[in-house]
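Reviewing the structure listed below.
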Amino acid sequence: KVASFAEKYPNSPLRRNALGTLVNTFANAGDADGARKYYSLYASQWPDDAIMMNNYAWTCAGKTINLDHAAEVSEKAVALAKTDNERAMYLDTQATVEFKRGNAQRAILLEEQALSNRKNSTPKERNEYEDTLEKFKAGKK
């Protein structure tokens, strides 16, 4: 029903929420085709929504689906970041996608960049990035 709403009412202010829900639902279910379909519809109307880009790429990495597309999307999110913390978060996602694609060295480089963007973060926040970096260096997914 959410899909038919999103298609039937393209100008509704609720369409953004409907498409976002569909992207997340299909991606979390591991349905690569559905996730990409609804992400593409979403992105055609809101092409600069870096948060959605990051969420889509993160979920794709977690479910190991659409990794090539997730790499493109996460790279665009990084380019759209407005703050160091946003850039760090998006670089962390991009690193995770690259690691899942088998590009460990690139993932390590990106995670190091993410960590360098977290200079003003709490020790707990920095520790999460440091832990991820160590997992990448150890080859653990």
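The values are calculated or read from the model by the stated rules, or taken from the named source; none is laboratory data. Remember, it's a predicted structure, so these values are computed and weren't measured experimentally. Reconstructed Cβ throughout: ideal geometry from the backbone, glycine too, with neighbour counts over all protein chains shown. Note: areas computed on protein heavy atoms with side chains; ligands, DNA, RNA excluded. Shrake-Rupley method; radii C 1.70, N 1.55, O 1.52, S 1.80 Å.
Charging the Cβ of each Asp and Glu at -1 and of each Lys and Arg at +1, and nothing else, the dipole of the stretch 62-122 about its Cα centre rounds to 80 debye. Probe radius 1.4 Å, ligands and nucleic acids ignored: give me the carbon and sulfur share of the accessible area of the stretch 4-141 as a rounded percent. Carbon plus sulfur share of accessible area: 48 percent. Going by the alpha-carbon gyration tensor, a ≥ b ≥ c the square roots of its eigenvalues, is the stretch 34-141 rounded (a/c under 1.5) or, if a/c is not under 1.5, prolate (a/b greater than b/c) versus oblate? Oblate is the answer for the stretch 34-141, as a/c is 1.5 or above yet b/c matches or exceeds a/b.
Give me the percent relative contact order of the stretch 27-101, please, defined on Cα pairs under 8 angstrom at least 6 residues apart. Value for the stretch 27-101: 33 percent.
Could you tell me which of rounded, prolate or oblate describes the stretch 10-88, using a ≥ b ≥ c as the square roots of the eigenvalues of the alpha-carbon gyration tensor, with rounded for a/c under 1.5 and, failing that, prolate when a/b is larger than b/c and oblate otherwise? It comes out oblate by the Cα gyration axes. Considering only Ala35, Ala104, Ala18, the Gaussian network model of the chain with Cα springs below 10 Å gives its largest mean-square fluctuation to Ala18. Within the shell defined by Cβ-Cβ distances under 13 Å, the residues around Gln105 carry a net charge of 0, with Lys and Arg each +1 and Asp and Glu each -1. Charged side chains reduced to their Cβ positions (Lys and Arg at +1, Asp and Glu at -1) give the chain a dipole of some 260 debye around its Cα centre.
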